[in-house]
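Let me begin by presenting the structure, written as structure tokens, before commenting on it.
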Amino acid sequence: MDFRLEDKKESVFKTLVQEYVQFAKPVSSGLIAKKSNLGLSPATIRNYFAEFEELGLVFQPHPSAGRVPTDLGFRYYVNYLVNWEALDTESATRIRSFFEKSEEIDSLMSKVPGMLSQLSRQIGILLLPKLEEERLREIHFLWLDVNRILAIFIYQGQIIEHRVLKNQMGLKLGDLHRLTNYLNQLVKGKTLLELRTYLLEEMKAPGGNQSQELKKLWGLSEELVKSRSQRTLSIEGKSNLANHPEFKQAEKLEMVLKALEDQRILLELLEESVRTPGVRVSIGKEHLYPELQGLAMITSGYFNSRGKSMGNIGVLGPKRMDYERLIPLVRYTSQVIGEFLAKR
């Protein structure tokens, strides 16, 4: 965007967007004249409206209506008129309190989308990292039954993952105890793929270790590769969409909800935001998928104590969302998550 409005016009435009965000109705020049405190007449404001329209910032739904911000108008507002850091004290306190609970990290993180949804009254999103790239601290195997083994991975980033594996080799409880002890002498600081490579090299090396434990570990590693984890995406609060007038029409709401059922779509959007440091805001037609072009998404990465990106959080809702409150909300939450992970 290569232009800026003059101060008075920018003040009028900001008031227009704020009124539309709050009431979801086209905004008239008369209303702006009352609200802006600039001493401008409705006629002057109508001239400003005409300029905004020419710049593509607003449109008029029908000849007798007021004006509504376009996607470009919301983008201008977000880029130039929103304080990205000014979070209200109540929300900041609630976020801090949430992360002061004495729960396991994975349990607490699983509740983050619900917390974001509750605070924002939008859809809350959490994207966990690709755990195949994370370095391990410990692995534990638990015997579930003759057909299944529970593998518990504890990563250096303090994330805990559970996977159920097929017990192809008929391992017993005693086998799993021995394998857990043996494996944890090898695993620290390695990724799962590095561990598998190490086991293979040990078995193939001249005079290498051909113990039964190693062969059993190799068999288990094959199951680990088959069960290889993808990024975990969690979303909460889809029902919040129905509370917004934009989605009162059942067909429109159904179209969006159907798109959100396809996690591949959200994963693509979030993968893109992972590559963008800091808070990222995507609005309307900036989304490639037509089903989501009535929405806006605010995301931010969170990082562990070593500064490594661990995943993303965000909120998704109508593009007529309260950016002034929600951008700082997402930014602050990602900051607190980073502090929380650093302490664990």
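The values are calculated or read from the model by the stated rules, or taken from the named source; none is laboratory data. Since the structure is predicted, the reported quantities are computational estimates derived from the model, not experimental observations. Please note: Cβ atoms are built from the backbone with ideal geometry, for glycine as well, and neighbour counts cover all protein chains shown.
Conditions tested, residue by residue: (1) touching a Lys or Arg at 6+ places or on another chain (Cβ under 9 Å); (2) among the small types (Gly, Ala, Ser); (3) under 30 Å from Tyr182 (Cα atoms).
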position	(1), (2), (3)
Gln60	yes, no, no
Pro63	no, no, no
Val68	yes, no, no
Val78	no, no, no
Glu90	no, no, no
Gly114	no, yes, no
Ser120	yes, yes, no
Glu138	yes, no, yes
Phe141	no, no, yes
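If the condition is being over 16 Å from Tyr155 (Cα atoms) and acidic (Asp, Glu), then region 97-113 contributes Glu100, Glu103.
None of Arg331, Arg280 is among the charged types (D, E, K, R), within 20 Å of Leu81 (Cα to Cα) and in contact with a helix residue (DSSP H, G or I) (Cβ under 8 Å, 6 or more places away or on another chain) except Arg280. Do we find that Phe3 is part of a helix (DSSP H, G or I) and of a type outside the set (A, V, I, L, M) in this structure? No; evaluated as a whole, the condition is false for this residue. Selection of first residues in region 13-24 that are on the phi < 0 side of the Ramachandran plot and buried (at least 18 other Cβ atoms within 10 Å of the Cβ) and of second residues that are among the basic types (Lys, Arg) and assigned to a helix (DSSP H, G or I), restricted to Cβ pairs under 8 Å at least 6 apart or on distinct chains, gives the following pairs, ordered by first then second residue: Thr15/Lys35; Glu19/Lys35. Taking region 179-204 as the range and being surrounded by fewer than 15 Cβ atoms within 10 Å (Cβ to Cβ), among the aliphatic types (A, V, I, L, M) and under 19 Å from Glu161 (Cα atoms) as the test, only Leu193 passes. Does His162 count as over 15 Å from Gly311 (Cα atoms) and without any contact (Cβ under 8 Å) to a residue 24 or more places away in the chain? In short, yes. Inspect all residues belonging to region 241-258 and state whether any of them is touching a helix residue (DSSP H, G or I) at 6+ places or on another chain (Cβ under 7 Å) and among the acidic types (Asp, Glu). No, region 241-258 contains no residue that is touching a helix residue (DSSP H, G or I) at 6+ places or on another chain (Cβ under 7 Å) and among the acidic types (Asp, Glu). Condition (residue is over 19 Å from Arg121 (Cβ atoms) and in a helix (DSSP H, G or I)) applied to region 291-300: is it met by at least one residue? So far as region 291-300 goes, yes, one or more of its residues are over 19 Å from Arg121 (Cβ atoms) and in a helix (DSSP H, G or I).
Do we have Glu53 as within 22 Å of the chain's Cα centre (by Cα) and at negative phi here? For Glu53, the condition - within 22 Å of the chain's Cα centre (by Cα) and at negative phi - is not met.
When you look at Gly311, is it outside the structural domain of Thr70 (by TED's automatic domain parsing), more than 12 Å from the chain's Cα centre (by Cα) and part of a strand (DSSP E or B), yes or no? Answer is no for this residue. With respect to being at pLDDT 90 or above, assigned to a helix (DSSP H, G or I) and buried (at least 16 other Cβ atoms within 10 Å of the Cβ), Glu254 falls outside the description. When both residues are 6+ apart or on different chains and their Cβ atoms are under 6 Å apart, which pairs have a first residue that lies in region 193-204 and is closer than 15 Å to Leu136 by Cα, and a second that is not in a helix (DSSP H, G or I)? Close Cβ pairs (under 6 Å, with a partner that is not in a helix (DSSP H, G or I)) amount to Leu195/Val187. Scanning region 187-240 for residues that are part of a loop (DSSP other than H, G, I, E, B), modelled with pLDDT under 80 and polar (S, T, N, Q) returns Asn209, Gln210, Ser211, Ser227, Ser229, Gln230, Thr232.
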